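Reading through the structure tokens given below for one structure.
The values are calculated or read from the model by the stated rules, or taken from the named source; none is laboratory data. Quantities reported herein were computed from a predicted structural model and do not represent experimental measurements. Here the Cβ positions follow ideal geometry from the backbone for every residue, glycine too, while neighbour counts run over all protein chains shown. We work out accessible area using only protein heavy atoms, side chains counted, and drop any ligands, DNA or RNA first. Shrake-Rupley method; radii C 1.70, N 1.55, O 1.52, S 1.80 Å.
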Amino acid sequence: TDISLTNTSKINMKLKYMFLALASLAMLSSCETIKDDGDDTYCGLFITFKYDYNLQRADMFKDHVGSVMLYVFDSNGNFVRTYEEDDVPGMGTLLYDGSYAYCMHITDLPRGDYRFVALAQQDNYFDLLPTPGAKYRRTTLTPGDSNEQLTVTLDRAAGYGGSVSRVSNEAPLDTLWHGMTGDVSITFRDYQYNVTTISMTRDTKMLTIGLHNLDEDSRKTISADEFNFYILDNNGTLAYNNSLLPDEDIIYTPYHKWDTTSTDERGNVIDKTAHATITFNRLVWKEKPDQNALLIIENRATGKQVAAIDLTYFLAQGRNAYDTYAYSPQEYLDRSYDYYLDFFIKNDTWQYAEVRINVLSWAKRIQVEDLKK
């Protein structure tokens, strides 16, 4: 049976934070003495979590994450147990004294070497399951199961325009983060302490599409309801190490569509834009471009495709805004989670598109001809 750490079982958070931040020699050398007195404040495992694997390169764990489940495996990759902690509103459970750090203190494991996998969301996993929209379903493990049996599978419903399954757009996806200690074992010993940090990667992504009509006679009439927007990929199942497992093709559709209108100083309409927002699972850069995720936009009345593009390639172009860091396509796709694409269409065919990064006021224009070279 899983044993969750509760607020009442935690030692003073501020003292623990001082321990981790300052690594006081007095505290470290007193571990055995404190243990003999029945106080294990500074003994056991101290596992900190952070979410700084993002484009901001800042730890946003406190602001984004609301619940963490830690899976414990022995050195052979066999499941031992889980620990879970939820943020309690108003109590700052997942932080230290107002800081961004969060530490899970574990004292009740048998002596041995362990590896860890962490899955996090914005709310308690079991509380999220009955809420609207598609869910990330985790396999239930029993002691002794292999770490390879831990998978996360996104809900989908069969039969979207044939054999392709569709992810529900009733609500945006609940955000999923993943982290692990990799192949390095962490030691748990009596009368000793050990400290490690797990860095989280955000798997859930969001794409906002803008559709601008360049036809003068119809610019004022474009509407998001005139178009179908969808992402096609086979990225619905994740392994314990966050890699994609073989899966069927699935379709993601917008959970929100709307229109905006721009006017000149006299109030005349000069542009009307159709918008759609889609949430989807982790993108993986494939060696073969035809295996990458596709973004398809089509006119609902005529069935004509306005655009059918390699979404993974398009979004990865945003890494050019961060030349200083020389991100690879995959690192950029994993660090980024909020994407913007603007398409400019004429006669129901896109002429060019812009990849935008709003926070930098950066954009890259991609012509149709660029993809034919």
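Listing for the model above:
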quantity: Selection from region 228-242 of residues that are open to solvent by less than 40 Å² (accessible area, probe 1.4 Å) and touching an Asp or Glu at 6+ places or on another chain (Cβ under 6 Å); calculated: Gly236, Thr237
quantity: Test: residue in region 49-57 that is at pLDDT 55 or above and either part of a helix (DSSP H, G or I) or of a type in the set (Val, Ile, Thr) (or both); calculated: no
quantity: Inter-residue pairs, beta-carbon under 6 Å, first touching a residue at least 40 places away in the same chain (Cβ under 8 Å) and closer than 24 Å to Phe126 by Cβ and in region 46-67, second in a strand (DSSP E or B) and open to solvent by 50 Å² or more (accessible area, probe 1.4 Å), 6+ apart; calculated: Phe61/Lys50
quantity: Any chance Thr349 is among the polar types (S, T, N, Q) and either open to solvent by 60 Å² or more (accessible area, probe 1.4 Å) or under 20 Å from Leu207 (Cα atoms) (or both); calculated: no
quantity: For Leu207: the one exception among (1) farther than 30 Å from Thr140 by Cβ; (2) open to solvent by 10 Å² or more (accessible area, probe 1.4 Å); (3) under 30 Å from the mean Cα position of the chain (by Cα); calculated: (2)
quantity: Condition broken by Gly44, with the remaining ones in (1) at pLDDT 65 or above; (2) under 13 Å from His105 (Cα atoms); (3) open to solvent by 50 Å² or more (accessible area, probe 1.4 Å) satisfied; calculated: (3)
quantity: Qualifying residue in region 138-155 (condition: in contact (Cβ under 8 Å) with a residue 40 or more places away in the chain, in contact with a strand residue (DSSP E or B) (Cβ under 9 Å, 6 or more places away or on another chain), farther than 24 Å from Val72 by Cβ and crowded, with 18+ Cβ neighbours inside 10 Å); calculated: yes
quantity: Matching residues in region 103-142 - criterion: being among the β-branched types (Val, Ile, Thr) and not in a loop (DSSP other than H, G, I, E, B); calculated: Ile106, Val117
quantity: Output for region 243-261, where each listed residue is surrounded by 11 or more Cβ atoms within 10 Å (Cβ to Cβ), assigned to a loop (DSSP other than H, G, I, E, B) and not charged (D, E, K, R); calculated: Leu245, Thr253, Pro254, Tyr255
quantity: Residue satisfying all of: in region 169-198; at pLDDT below 95 and of a type in the set (Gly, Ala, Ser); surrounded by the fewest Cβ atoms within 10 Å (Cβ to Cβ) among these; calculated: Gly182
